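The values are calculated or read from the model by the stated rules, or taken from the named source; none is laboratory data. What you see is a predicted model; the values in this text were computed from it and never measured. Virtual Cβ from ideal backbone geometry, glycine too; neighbours counted across all protein chains shown. Just so you know, the surface numbers come from the protein's heavy atoms only, side chains and all, with ligands and any DNA or RNA stripped out. Shrake-Rupley method; radii C 1.70, N 1.55, O 1.52, S 1.80 Å.
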Amino acid sequence: MVAARWDESKDIKLIDAAERTDWSFYSGSQLTFGPGAIRALQSVITRRKFKRVLVVTDTVLSEVGIVDKAENVLSKTSADWMLFTEGEPEPSTSSVTRLAELARSYQPDLFVAIGGGSNMDLAKAAAAAFGHNMDPEQMLGFDQVPGPTPTLVCLPTTAGTGSEVTHSAVLKSAATGQKGAILSQYLRPDIAIVDPNLMLSCPSKVTAECGFDALTHAIEALLVNRWSNLTEDQEHGLPYEGNHPLGDLYAEKAISLIATNLRRALEASESIKARSGMALAATLAGMAFSSCGVSLAHALEYPIGAKYGCSHGIGNAIVLPEVMRFWMPERETQLARIAELLGVSKANTMQPREAAEAGIRMLEKLRTAVFLPSKLSEVGATGTDIQGLAEKALTAQRLLDLSPRKATADDITAMLKASL
Ligand SMILES: [Fe+2]
């Protein structure tokens with residue numbers, strides 16, 4: 001990068017074209033938050049005069065009565081609606097195609113997604129595929145969605161992915177069998193209705209796993225490469241902006257909310273206060289990471305989840321502490337701040353290094369307290385797997401580019417070995 005020059009005679013800073021001097025923050029048009037927020041679906045449909053609503057959900061949520069709650073609200077509007085209950089964990093591009101075909105015959109003017117990240121990602125991708133009459137395989141990657149997509153309302157039922165506010169949809173490619181993502185600012189849902197009441201029936205195991213995914217989002221958003229260090233592609237923009245002040249604001253709040261509420265959400269699963277804290281944390285972490293970015297923890301996790309079938313949250317929880325240790329030389333101050341947010345007592349009176357290390361230990365303690373595995377061996381990994389995992393992690397170039405410290409093949413192998 002070329003440094004800026006200073007012209008004293010004119011007292012203005014002459015900016016070299018190669019230097020990045022601004023960052024952007026993208027968001028949907030509405031976030032409605034709080035217990036009972038599902039009611040807002042009625043006013044959205046009535047005020048904006050939607051006529052045909054395609055509801056994307058799954059049979060598990062039908063069985064626990066969450067879909068009934070949504071249908072109860074829909075029945076108070078004059079709109080017609082259709083249920084698609086074939087949402088599945090890790091949706092594939094063929095599910096997206098199936099849903100887009102249904103949309104072509106039903107012609108909805110509104111998509112509503114109810115569920116965790118999988119259902120929301122399925123709806124996001126299908127709305128784009130329907131709106132642009134495209135094969136979802138062609139939308140995989142960054143900025144491949146050609147324009148705005150039909151209106152989408154997301155109602156999350158887990159506190160984790162933050163997909164209700166993010167610009168990504170994670171899908172399994174039916175063509176290659178590989179997990180990939182559609183990344184596009186057009187994929188950001190227009191409206192997020194985050195109702196903690198919808199999370200009361202979420203099992204404790206899922207609550208812990210999703211909670212650690214949200215925590216990883218917030219921590220990585222705080223620690224990724226700074227916005228000014230990234231070079232922007234003028235045609236496409238950037239998939240992630242890099243760490244910036246607004247991202248810090250959301251990420252810091254998310255970390256402190258998780259530190260306060262995650263354990264409680266497991267111990268007292270019906271606690272609206274704890275569920276609300278976690279729901280807000282996941283949404284804020286989604287806003288932070290979908291702007292600033294995620295990096296090494298997610299790069300390391302993808303091959304782990306694919307090989308051992310463990311959840312995304314478990315994989316993140318296992319590798320996150322080693323990633324934080326690896327970033328220590330570049331991010332000591334931010335790690336010390338994370339320690340404070342996680343509740344390390346007197347962190348602000350310690351030397352930054354001491355506080356940062358205490359913060360990582362605190363995170364490991366929280367991981368144990370919510371009964372998540374701490375080692376790769378607990379999900380079935382052995383020493384002979386490490387090289388293969390490292391090779392796959394090294395292909396996640398977009399995520400590696402956001403690392404504040406360059407990670408070589410040896411560095412990634414060392415982090416995986418330390419997590420074994
Ligand atoms: Fe994640």
For segment 277-370, which helices (runs of 4 or more DSSP H) that fit wholly inside it have 3 or more residues that are under 26 Å from Thr382 (Cα atoms) and more than 16 Å from the ligand (Cβ to nearest atom)? 312-342, 352-369
Can you tell me how many residues within segment 47-105 are of a type in the set (Asp, Glu), open to solvent by less than 80 Å² (accessible area, probe 1.4 Å) and outside any helix (DSSP H, G or I)? 3
Which residue is nearest to Lys69 (Cα to Cα), if the candidates are limited to segment 157-179 and must be assigned to a strand (DSSP E or B) and over 12 Å from the mean Cα position of the chain (by Cα)? Leu171
Quick check on my filter: what residues within segment 378-391 are buried (at least 17 other Cβ atoms within 10 Å of the Cβ) and in contact with a Phe, Trp or Tyr (Cβ under 8 Å, 6 or more places away or on another chain)? Val379, Ala381
Within segment 371-389, can you find the residues that are in a helix (DSSP H, G or I) and within 25 Å of the chain's Cα centre (by Cα)? Leu376, Glu378, Val379, Leu389
In the list Ser295, Ser311, Ser290, which residue meets the criterion of being touching a residue at least 40 places away in the same chain (Cβ under 8 Å), in contact with a Leu (Cβ under 7 Å, 6 or more places away or on another chain), assigned by TED's automatic domain parsing to the domain that holds Thr382 and of a type in the set (Gly, Ala, Ser)? Ser295
Residue under question is Ile182, and the condition is that it be more than 16 Å from the ligand (Cβ to nearest atom), β-branched (Val, Ile, Thr), outside any loop (DSSP other than H, G, I, E, B) and open to solvent by less than 30 Å² (accessible area, probe 1.4 Å); does it hold? no
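Residue-wise test of (1) closer than 26 Å to Arg188 by Cβ; (2) in contact with a strand residue (DSSP E or B) (Cβ under 6 Å, 6 or more places away or on another chain); (3) surrounded by 21 or more Cβ atoms within 10 Å (Cβ to Cβ); (4) in contact (Cβ under 8 Å) with a residue 24 or more places away in the chain.
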| site | (1), (2), (3), (4) |
| --- | --- |
| His236 | yes, no, no, yes |
| Tyr240 | yes, no, yes, yes |
| Asn243 | yes, yes, yes, yes |
| Ala251 | yes, no, yes, yes |
| Ala254 | yes, no, yes, yes |
| Ile258 | yes, no, yes, yes |
| Arg264 | no, no, no, no |
| Lys273 | no, no, no, no |
| Ala282 | yes, no, yes, yes |
So how many residues does segment 29-46 have that are of a type in the set (Lys, Arg) and assigned to a loop (DSSP other than H, G, I, E, B)? 0
So which residues in segment 58-109 are aliphatic (A, V, I, L, M), under 23 Å from Ala174 (Cβ atoms) and in contact (Cβ under 8 Å) with a residue 60 or more places away in the chain, if there are any at all? Val96
Among (1) of a type outside the set (S, T, N, Q); (2) surrounded by fewer than 13 Cβ atoms within 10 Å (Cβ to Cβ); (3) touching a strand residue (DSSP E or B) at 6+ places or on another chain (Cβ under 9 Å), which single condition is Arg398 missing? (2)
Go through segment 325-339 and give me each residue that's under 23 Å from the mean Cα position of the chain (by Cα) and closer than 21 Å to Thr260 by Cα. Gln334, Leu335, Arg337, Ile338, Ala339
Is it the case that segment 225-234 has a residue that's open to solvent by 40 Å² or more (accessible area, probe 1.4 Å), within 12 Å of the ligand (Cβ to nearest atom), of a type in the set (Phe, Trp, Tyr) and in contact with a strand residue (DSSP E or B) (Cβ under 9 Å, 6 or more places away or on another chain)? no
Just one of Thr157, Thr151, Thr176 is more than 14 Å from the ligand (Cβ to nearest atom), assigned by TED's automatic domain parsing to the domain that holds Leu102, at negative phi and modelled with pLDDT under 95; which is it? Thr176
